[in-house]
Amino acid sequence: MEFLTGAKLTKAIKELLHEPEVRCAVAFWGKGCDEWLAGNSARVICNLRSGGTNPHALEKLQSVDLRQYDTLHAKVIIGKTHSIVSSANISTNGLGFEGIETTGWHEAGMRLDTSDELTNWFEDLWKNQSRPILPNDWKEAKKKWKLRQSAKPTLPNFGSFDIAQKRLPFLEYPGDTDYEENQQGIEEQIGRYDQQISSRLRMGSDIDDERDVSLLKDRWILSFEISKKGKLLTRPLYFTKLSKVRVKKSHKYNGEGQFTDALLAEETQTPQPFDPNEENFRTAFFQILSLERYRNFRDLDYKKSYYQPCVKIIKPFWRDVRAAYIQLS
């Protein structure tokens, strides 16, 4: 097993992608990916629906068997004898998203021996969880990609963000995604159930208290990650705009007997308020979020609503982030 970063990781990935019959479960693919994936008879699982993959670049891949998986975030490349598990997506601009999203990101990964555990995981994704990319999927992906390119942050940086506004972005961490969706109930309420609705549900937010509805509807959510032990993880931050669409009893978590309500994410995400991965903002954000007075944002064991205990601290939080950001700037 070997730890790789920077140019060494890039070189190792490029070499692996030139092998015949390579298997890739990599979420996002960008400009120049056809130059990287040069081996014959490759199989690729990507995340096409979220808008993070450039469909025009992906279409250029020749002699590649393509499938899609809407909630894929992994970056795993499996060769005959060696594999790489890393943070890197595939594109010539640094193995990541295109444009502003790549700025300041440092990729890292592990090269390890290919094992049955890795190949079995990929084959399960391929056979049981992913699906083919159909003509309409390409069409929708191109629409989302076009929107993504025009949907740059509305402000040049966090320094221009108005922290005096009434509906500041709320915070949350992604919860357990291992749950059962109430497909029949969802269809009865909103008239349809499909992969798009499922994706909006996974990007949406649980409603554990009736007051959460008015608090969260039509609001920006800024998501961060914490470990199962409650440790704050300094991974990329991302915005999601919630819709006004509430689905009652939409899903239930494994081991729980009752269904939970949810607000769906907006079907089309509008330009985010600012770039949450600007270096100075990220530093200020994690510095303040780690403080004891903001522990409710990191609470893994909340009993009723995650959001209601945080209502009183959301404005002070953003004021403190602003102050820390100004010091860094």
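The values are calculated or read from the model by the stated rules, or taken from the named source; none is laboratory data. Computed from a predicted structure; not experimentally measured. Cβ placement follows ideal geometry from the backbone for every residue including glycine, while neighbour counts extend to all protein chains displayed. Please note that ligands, DNA and RNA were not included when accessible areas were found on the heavy atoms of the full protein model with its side chains. Shrake-Rupley method; radii C 1.70, N 1.55, O 1.52, S 1.80 Å.
Subtracting the Cα-Cα distance from 0.36 nm times the residue separation, let me have the gained length for residue 298 to residue 167 in nm, one decimal.
45.1 nm
Between residue 228 and residue 131, what FRET efficiency follows from the Cβ-Cβ distance if R0 is 30 Å, with the result rounded to 0.05?
Details: r = 30 Å, r/R0 = 0.99.
Efficiency, from the Cβ-Cβ distance: 0.50.
If only Cα atoms are counted, what is the Rg of the range 123-240, and what is its Dmax, in Å?
Rg, Dmax (Cα atoms, Å): 17.6, 50.
Carbon and sulfur: what percent of the chain's accessible surface (1.4 Å probe)?
Details: 8150 of 17150 Å².
Carbon-and-sulfur percentage of accessible area, whole number: 48.
Could you let me know the centre-to-centre spacing of the range 173-222 and the range 1-67, using Cα atoms, in angstrom?
The range 173-222 and the range 1-67 have Cα centres spaced 31 Å from each other.
Per 0.36 nm of contour for each residue apart, how much would the distance between residue 123 and residue 290 grow if the chain were fully extended, relative to their Cα-Cα spacing? Working shown, then result.
Details: separation 167, 0.36 × 167 = 60.12 nm, distance 3.93 nm.
Full-extension gain reported as 56.2 nm.
Quick one: ranking 214, 115 by accessible area, 1.4 Å probe, largest first, what do you get? Intermediate values should be presented prior to the final figure.
Details: 214 75, 115 45 Å².
Highest to lowest solvent-accessible surface, that is 214, 115.
Subtract the Cα-Cα distance of residue 113 and residue 210 from 0.36 nm times their separation in residues, and report this length gain in nm to one decimal. Intermediate results must be reported in sequence, preceding the final value.
On the way: separation 97, 0.36 × 97 = 34.92 nm, distance 5.04 nm.
Length gained, residue 113 through residue 210: 29.9 nm.
Are there chymotrypsin sites (Phe, Trp or Tyr not before Pro) in the range 225-329 that DSSP marks as loop and that have at most 16 other Cβ atoms within 10 Å, and which are they? It would help to have the intermediate numbers written out before the result.
On the way: sites: 238, 239, 253, 259, 274, 281, 285, 286, 294, 297, 302, 306, 307, 317, 318, 325; in loops: 259, 274, 302, 306, 307.
The qualifying sites are 302.
Heavy-atom accessible area per residue, the chain, 1.4 Å probe: how many Å²? If you can, show how the numbers build up before the last one.
On the way: 17150 Å² over 329 residues.
On a per-residue basis, the chain sits at 52 Å².
Looking at the chain, I'd like the Rg to Rh ratio, where Rg is from alpha-carbon atoms and Rh is Kirkwood's inverse mean 1/r. Display every interim value, and only then the final one.
On the way: Rg = 20.5 Å, Rh = 21.3 Å.
Rg/Rh: 0.96.
Do any trypsin sites (Lys or Arg not before Pro) in the range 151-231 lie in a DSSP loop with no more than 14 other beta carbon atoms within 10 Å, and if so, which? Please report the intermediate quantities before stating the final value.
Details: sites: 166, 167, 192, 200, 202, 211, 217, 219, 228, 229, 231; in loops: 166, 167, 192, 217, 219, 228, 229, 231.
Counting only loop positions with at most 14 other Cβ atoms within 10 Å, the trypsin sites (Lys or Arg not before Pro) in the range 151-231 are 166, 167, 192, 228, 229, 231.
How large is ³J(HN,Hα) for each residue in the range 109-116, as worked out from phi by the Karplus curve 6.51 cos²θ - 1.76 cosθ + 1.60 (θ = phi - 60°), to whole Hz, x for Gly and Pro?
x, 10, 9, 9, 5, 5, 10, 4
Assuming R0 = 41 Å, what is the FRET efficiency of residue 217 and residue 14, from their Cβ-Cβ distance, to the nearest 0.05? Kindly include the intermediate steps, with their values, before the conclusion.
Numbers: r = 46 Å, r/R0 = 1.11.
Efficiency, from the Cβ-Cβ distance: 0.35.
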